Structures are given as C-alpha cells and as structure tokens.
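The structure under discussion appears below in the form of structure tokens.
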Amino acid sequence: MTSSADAPRPLLGAADIRRLAEELGIRPTKTLGQNFVIDGNTIRRIVAAAAVDPEETVLEVGPGLGSLTLGLLDAAKSVVAVEIDPALAARLPATVAEWRPDLAGHLDVVLADALKVTSLPQEPAALVANLPYNVAVPVVLHLLEHFPSLRHGLVMVQDEVADRLAAGPGSRVYGVPSVKAAWYSSMRKAGVIGMNVFWPAPKIASGLVAFTRREPPVTKASRAEVFAVIDAAFAQRRKTLRAALARWAGSAPAAEECLRAAGVDPTARGEVLAIEDFARIAAARLSLHAAL
Ligand code: SAM
C-alpha cells in the first residue's frame, strides 16, 4: 500500500494554468518563449531524468506559472528561480504557498534576465529548466560559465537544439553549441517531449538534454581564445580549416602553421574536431607568437 507520505503530490494541470493565466491577464508571448507545461506526468518525467539529489539547490530558469517549480521543490533541498517576466515572478511565491505551503520557505525568486545574471542568493548544484527556446543555448553557456557550482543538470529545449547540444564530432548537426557545451560538460539526449503537454502548444517537438560538468581541456589558451577558434572554424563550415582560419591566424599559411603545430590536418573541416583539438590549435598560435 502506498502511504500518503510517498503518494505523488498534485501538480498544475491545464485548468490550473488557464486559471492562473486568466487571473494575471497573461497572454503568453513568443518573444519570451512562454509555453507552459500543463501535464503533471511530463513534470515528473523531467524531475526523474534530472536525478536531483534531496540535498541539492536547483537553479530553474523561467519558472513561468510554476509547473516545474512545484516538482523541483518536492525533489530538491531548495530552488532558486530566475524569471524575466515581472508578473510571473511576482505571482510564483503565492502559487507555491497555495500548492506547497510546507515548502514555501525553500524557494527564492529572482527577477532577472538569465543571460545577464552573475550572482544568486544560493549556490546551485543543478540546473533544471524548461528553457525559453530562442535563448536556450546562450543561457546554458552563460550559466555554466558563471556558476561553477553547477555540477549537472537537465534542460528542455527545441528537439533540434537538443540534438545539436548532444552531438559529437562528425555528426551532421555538430556545431558551435556542441563544441562550446563540451568545454564545460558532457551532454546527452535524455528524451523527446511532444507538443500537446504545453499551453500554448509549440509547433515543434522538444528534447531533453542532460549534462554533467567535466574539467575543461588542459591548455594554456583561455576559454575566450579557444572559443574564437571555434567561431572562426564554423563561420565557414564547408571550407577546410586552413581557409576557414585564415582571417583568425592572419593568413592561410599562418593558419596552416598553427594547425600543423597542433597536429591537425589543415585540409580537415571543423566539424570533425573535438574540443581538445580546438584547444590545441588556440595554444599552438600562442606558442608560435611567443617564439617570434
Ligand atoms: N517553467 C515553466 C513551465 O515549464 O511551464 C515555463 C517555461 S517557458 C518555456 C519559459 C519561461 O522563461 C517563461 O516563463 C519566460 O517568461 C521565461 N524567460 C524568457 N526569457 C527569459 C530570460 N532571458 N531569463 C529568465 N527567464 C526568461
């Protein structure tokens, strides 16, 4: 028999979301990627896939009307929720007080743009979020850069973006997001979510990506210097690295010299290189300059 202590707690359904939206007079905007989850089972699936430890503080970006926030409060020690929309941020504590009165003290709401936030009231160990789609990749990269306490996480993004983030060298969808994400973490696809669990329903499926932080490659080049090589290599993705990196290195022969010094074939394309290769190319340029 299931005791009331371990019975699943209620989550927001379609009628609750509609009632809250009506009360706030909200019309979800595309600009802010406002698609709210209206299905408790999807929330339970996301929280389970995120493998949140009960001792962890979770960072949630874009709590919206609180669908995922309630599920995270049940699983984590506390939640820090960063929301850009003032009406949604202001309503969230009352929603939590109504649905989880016992956990209301476990929530901090921060009214801010997640792309700009650099300090939080608590150090989060995990990022779990249904991200606004148009800024999903920059938000993930910004948070991994500024919050080293983030050890792992799970984000819901457009399915196509999930595939990009999780792609490895040689994959058709491997690109700038994949390589930059690999600087900080190893990312893997953790599922696909249909459109009908949202209000309003988006036109495309969503994907879950789970990540675990890893040490960046050991290199004397800075992260910014390595990222500059990545941007240059993929800006002209069809070209050989010798040609694509010509402007970055000063000339095609200079690019070739860096590539050879890094042990990378100058006729290869960026899409076959791993993050460690980009780090070696950036470091080779520093060494060649130092030798001048
Ligand atoms: N977590 C809620 C859910 O699952 O139902 C809402 C998710 S909705 C896809 C994205 C949320 O992110 C919205 O609440 C939106 O207002 C918020 N948002 C959009 N851009 C943001 C930004 N730059 N920083 C913080 N929140 C943002």
When the residues of the stretch 112-126 are filtered to those that are near the ligand (Cβ under 9 Å from one of its atoms) and in contact with a strand residue (DSSP E or B) (Cβ under 7 Å, 6 or more places away or on another chain), which remaining residue is nearest to residue 89 (Cα to Cα)? 112
Taking the stretch 55-83 only, how many residues are near the ligand (Cβ under 9 Å from one of its atoms) and either assigned to a strand (DSSP E or B) or not assigned by TED's automatic domain parsing to the domain that holds residue 112 (or both)? 5
Residues that are more than 9 Å from the ligand (Cβ to nearest atom) and at pLDDT 95 or above, drawn from the stretch 26-43: 39, 40, 41
For residue 209, state whether it is in contact with a Lys or Arg (Cβ under 7 Å, 6 or more places away or on another chain), outside any helix (DSSP H, G or I) and within 22 Å of residue 48 (Cβ to Cβ). yes
Go through the residues of the stretch 133-142 one by one and say whether even a single one is within 20 Å of residue 56 (Cβ to Cβ) and either more than 14 Å from the ligand (Cβ to nearest atom) or of a type outside the set (S, T, N, Q) (or both). yes
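Is one or more of the residues making up the stretch 123-131 without any contact (Cβ under 8 Å) to a residue 12 or more places away in the chain and under 30 Å from residue 273 (Cα atoms)?
Initially, the stretch 123-131 is screened for residues without any contact (Cβ under 8 Å) to a residue 12 or more places away in the chain, giving none.
Scanning the stretch 123-131, I find no residue that is without any contact (Cβ under 8 Å) to a residue 12 or more places away in the chain and under 30 Å from residue 273 (Cα atoms), so the answer is no.
Would you be able to tell me the number of residues in the stretch 167-185 that are part of a strand (DSSP E or B) and more than 19 Å from residue 142 (Cβ to Cβ)? Walk me through it before giving the result.
Quick first cut of the stretch 167-185, residues part of a strand (DSSP E or B) only: 185.
With the extra rule that they be more than 19 Å from residue 142 (Cβ to Cβ), the set shrinks to none.
Total satisfying the criteria: 0.
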So if I check each of 93, 86, which one is in contact (Cβ under 8 Å) with a residue 12 or more places away in the chain, within 13 Å of the ligand (Cβ to nearest atom) and not hydrophobic (A, V, I, L, M, F, W, C)? 86
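The values are calculated or read from the model by the stated rules, or taken from the named source; none is laboratory data. In this text, all values refer to a predicted model and were calculated from it rather than measured experimentally. Backbone-built Cβ (ideal geometry, glycine too); neighbour counts: all protein chains shown.
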